[in-house]
1. Would you point out the residue of region 21-79, among those that are modelled with pLDDT under 95 and hydroxyl-bearing (Ser, Thr, Tyr), that is least open to solvent (accessible area, probe 1.4 Å)?
2. Restricting the search to region 393-434, which residues are charged (D, E, K, R) and closer than 21 Å to residue 451 by Cβ?
3. Can you run down the residue pairs with Cβ atoms below 7 Å, 6 or more apart or on separate chains, where the first is in region 342-363 and on the phi > 0 side of the Ramachandran plot and the partner is open to solvent by 10 Å² or more (accessible area, probe 1.4 Å)?
4. What pairs come out if I take residues in region 182-196 that are more than 19 Å from residue 282 (Cβ to Cβ) and pair them with residues that are among the charged types (D, E, K, R) and open to solvent by less than 100 Å² (accessible area, probe 1.4 Å) whose C-beta lies under 8 Å away, six or more apart or interchain?
5. Which of (1) open to solvent by 70 Å² or more (accessible area, probe 1.4 Å); (2) under 25 Å from residue 321 (Cα atoms); (3) within 20 Å of the chain's Cα centre (by Cα) does residue 9 not meet, given it meets every other one?
6. List the number of the failed condition for residue 193; all other conditions in (1) surrounded by 15 or more Cβ atoms within 10 Å (Cβ to Cβ); (2) at pLDDT 95 or above hold.
7. For residue 322, state whether it is among the hydrophobic types (A, V, I, L, M, F, W, C), modelled with pLDDT of 95 or more and open to solvent by 10 Å² or more (accessible area, probe 1.4 Å).
8. Name the residues in region 116-164 that are more than 17 Å from residue 215 (Cα to Cα), open to solvent by less than 40 Å² (accessible area, probe 1.4 Å) and among the acidic types (Asp, Glu), would you?
Amino acid sequence: MTPAVQFRENARRLSADLRHREIIQTAMGKYEAVRDQRKAAFQNWEEARQLAANTKWEAINHLDGYLEQFVERIEARGTKVHWAANGEQAREAVLEILRATKARMIVKSKAMTAEEIHLNEAMEQGGHEVIESDLGEFIVQLREEPPYHIVFPAMHLTRDEIKDVFERKLGEAPSNDPEQLTMVARRVLREKYLQADVGITGANFAIAETGMISITENEGNARLSAALPRVMITLIGIEKILPRMEDLALFLPMLAAMGTGQTITCYNTLYGGPRQAGEVDGPEEYHVVLLDNQRTAVLADGEQRDSLHCIRCGACLNVCPIFRNVGGHTYGTTYCGPIGAVITPNLRGLTEWKHLSYASSLCGACTETCPVKIDLHHHLLQNRRNGSRQKPSWWQKLAFKAFVPLATRPGLWSLVTRLGRIGQRLQRPVKGTRLDPAYPWTKSRELAPIAPQSFKEWWRNRK
Ligand code: SF4
């Protein structure tokens, strides 16, 4: 089954699943209330957005220089930096470190880049045990599912479903009370941290000025993944660069406000290298893997370059009417929702993934909410255009062949619109039924009525 067919089938099933819809709407209702409070706490939210967009523009348009600066400074403190042009190279770099350190147990904190390159599967195939330490990721790992959402990986699950999986996989779930379930996860994970040979993290930002990695989180699991194992690895996309340390003063509260509706996330940590002489904790070895994986191809595309500004706050998913009805797993991609629909065709191939750009009502809510002002809904239109140019479908070819004589002969156009008006009147009694010639469209949507009068007719009558 192609990804497009799979998407359509899952979307049809889930959009009719009222229980699923209720879970998502409840979660989103709570999120919206706190997000708006946090936005209101900014002196001027629109100016903050503009400043964030300008800062990311500067970082992305001078990416070569900022990356070099970052690497030079973080290496000066003993970090080993690995450049990975694609997923395969990144996986190989990580596996090589695991082999060299004879690692058996790996604890991992949330890293969408690791999902992007299917790192867990590669490590498990290499004989390593991998434990996700973020609570939501831990739950979906137990259920053998991918994350549902960039920020809330297990938001589609009820407490009872979480209790069930704990009972089945951990043999322990005293009740469906969130606190008790969290205590079970905490006990299991604490053991794993102590046994782990290597900790792997993602990163929110890489600061060029100081050569540091910034990780923001709510559970302290990334800190433990970094502090307890002997070796630490950070996997990060090259677009996560920020020029200066002071930029965090804007980006950390902005990410917290739009991601989870918090003033600031609970733990904000900067990592600048392995344990230095005289320091009492931190990893003995620190590796940073810088992942390209088609990001430089997006950088070369002047039209969609700003999609590299994304700070993965997830806000565009939360406001998207399509995401809210079909859910995250339907997309079949690492990044879902509007940003996923924009970048997946660039990361994984336009021909196979162009259908995602049609998973949008083009209402523009995503663009309006994005804190770094990515022009998301126009990028979806550009992907539609590029997809049609690259490989038009048979019906697109036919439709445009038919459209050319209509659009170039005013007499023919006027005749067809008059016939269309009559056709619409005849169609009314069978509208939405299988007898309706426009059924493929009208079975799930309204067909816009043809205007009762064309502009030319109106002009003529006016005279
Ligand atoms: S595109 Fe914008 S709103 Fe969507 S995840 Fe990225 S930064 Fe957030």
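1. 31
2. 409, 418, 421, 425, 428, 431
3. 362/377
4. Listed by first residue and then by second, the contacts come to 184/172.
5. (3)
6. (2)
7. Answer is yes for this residue.
8. Matches in region 116-164: 116 only.
The values are calculated or read from the model by the stated rules, or taken from the named source; none is laboratory data. Values in this document were obtained by computation on a predicted structure and should not be read as measured data. As a convention, Cβ positions derive from the backbone with ideal geometry for all residues, glycine included, and neighbour counts pool all protein chains shown. Each accessible area value is taken on the protein alone, full model and side chains, heavy atoms only, with ligands, DNA and RNA left out. Shrake-Rupley method; radii C 1.70, N 1.55, O 1.52, S 1.80 Å.
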